[in-house]
Structures are given as structure tokens and as C-alpha cells.
Amino acid sequence: VVLQSASHNFLDKPLDPSFGGFEQPNRFPASFALSLTAPIGRGRGRTSVAANELASVHLVASRRDDVLHSASEEVLRTTLAYLDVLPAQQRVTLYEQSLGRQGQLVQLTAQQVEAGDMIAAENNRARARQAFIATSVSQARTDLLTARMRLADVLGLPITSIDQAPTATG
């Protein structure tokens, strides 16, 4: 509620217009204002009022899902890095065994060439196969070191030498 009043008159002058003054009669304007606020919508607009809170709830749920997704990605990366080390180790073992067998084949071939059972070209072929397997062993060892270092990186291990890199057992 607002009530206002105002008068237009000189100081110490009576309000009667017969004592002089203005040609118009004294005025005493007043105003009255009343404002009522009543909820007549019965809950309408509740959704728009609660929109910020609802958006915050969805944002928190989204962030929680992001964290869970990131954790799942890290578990997958770690698992894949581990599963890369395991076959790399097996590949090195198999190539080293094959290199040992190729060495034996080179010796047997050399003995047969000396005995006259084979031509000398077979000796060169045996050494070429041995060199090929030696190259494969070297490449497999390089791949194994790469896989071990990647696993250490994924696990977050501080590595100061190659011997500290993790290996896989399976």
C-alpha cells in the first residue's frame, strides 16, 4: 500500500483563498495505490524456476559419467598394453629357439658339405636362413622393449633403466 499527499501553499499563509495568494484555490492532491500478489497459476512456472537446479543435477551426473568413462578407458589401455607384452615375450622366446635350431642346421649342413653329401651352396643357404632368423630375433627384442616401455608408461612407473620395465606373466 502506498499513500501520498502534497499541498501547494506559502509558509505561514492560511489556507483560506480570501487572504490573497494564488488565483486558483489551494490543492491537496493525494493518491492511494494498492498492489496484491497472489499465486493464481497453481504451480505453473515451477519448471522454469527449477531449471537451473535441474541443469546442475544433470551436469553433475554427466561429470560422474565422464569420470567412469575415463577410468574404463585407462583400464582398457593398461590391459591392451599388458596383452601386447605377453605375446612379444613369447615371440622372442620362439625366435631364439629357432635361431638355436638354425645354428644346429648350419653345423649339420657344414658337416654334410665336408662329407661330400651336399653341395657348398647349401652351406650358404643355411647361413642365410640363420641370418634371417637373427634379424627376426633382433626385431622381436626391439618390439618387446617397446611394448614393455609402453606398459610402464601406461602404469605410470618411473623407469630409469630398461631392466626396470615390467614384464608379463600369463
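The values are calculated or read from the model by the stated rules, or taken from the named source; none is laboratory data. What you see is a predicted model, and the numbers here were worked out from it, not measured in a lab. Cβ coordinates were reconstructed from backbone atoms using ideal geometry, including for glycine residues, and neighbour counts include every protein chain displayed. Surface areas here come from the heavy atoms of the whole protein model, side chains and all, with no ligands, DNA or RNA. Shrake-Rupley method; radii C 1.70, N 1.55, O 1.52, S 1.80 Å.
Among the residues of region 20-31, are any at pLDDT 70 or above and open to solvent by 90 Å² or more (accessible area, probe 1.4 Å)?
no
If you scan region 112-123, which residues turn out to be surrounded by 12 or more Cβ atoms within 10 Å (Cβ to Cβ) and of a type outside the set (D, E, K, R)?
Residues satisfying the conditions are Gln112, Val113, Met118, Asn123.
Condition test on Leu99, is it part of a helix (DSSP H, G or I), open to solvent by 90 Å² or more (accessible area, probe 1.4 Å) and either of a type in the set (A, V, I, L, M) or in contact (Cβ under 8 Å) with a residue 24 or more places away in the chain (or both)? Talk me through it step by step, then tell me what you get.
Numbers: part of a helix (DSSP H, G or I): yes; open to solvent by 90 Å² or more (accessible area, probe 1.4 Å): no; either of a type in the set (A, V, I, L, M) or in contact (Cβ under 8 Å) with a residue 24 or more places away in the chain (or both): yes.
Against the criterion (part of a helix (DSSP H, G or I), open to solvent by 90 Å² or more (accessible area, probe 1.4 Å) and either of a type in the set (A, V, I, L, M) or in contact (Cβ under 8 Å) with a residue 24 or more places away in the chain (or both)), Leu99 does not qualify.
Among the residues of region 82-99, are any more than 43 Å from the chain's Cα centre (by Cα), more than 20 Å from Pro166 (Cα to Cα) and not charged (D, E, K, R)?
yes
Of the residues Leu151, Leu155, which single one is in contact (Cβ under 8 Å) with a residue 60 or more places away in the chain and open to solvent by less than 60 Å² (accessible area, probe 1.4 Å)?
Unique residue meeting the criteria: Leu151.
Between a first residue in region 66-83 that is in a helix (DSSP H, G or I) and a second residue that is among the charged types (D, E, K, R) and open to solvent by 70 Å² or more (accessible area, probe 1.4 Å), which pairs have beta carbons less than 7 Å apart while being 6 or more apart in sequence or on different chains?
Every condition considered, the pairs that remain are Ala81/Arg150.
Kindly evaluate Ala51 against the criterion of being under 33 Å from the mean Cα position of the chain (by Cα), open to solvent by less than 100 Å² (accessible area, probe 1.4 Å) and within 23 Å of Pro166 (Cα to Cα).
Answer is no for this residue.
Within region 135-148, how many residues turn out to be hydrophobic (A, V, I, L, M, F, W, C) and surrounded by fewer than 16 Cβ atoms within 10 Å (Cβ to Cβ)?
Final tally of qualifying residues: 1.
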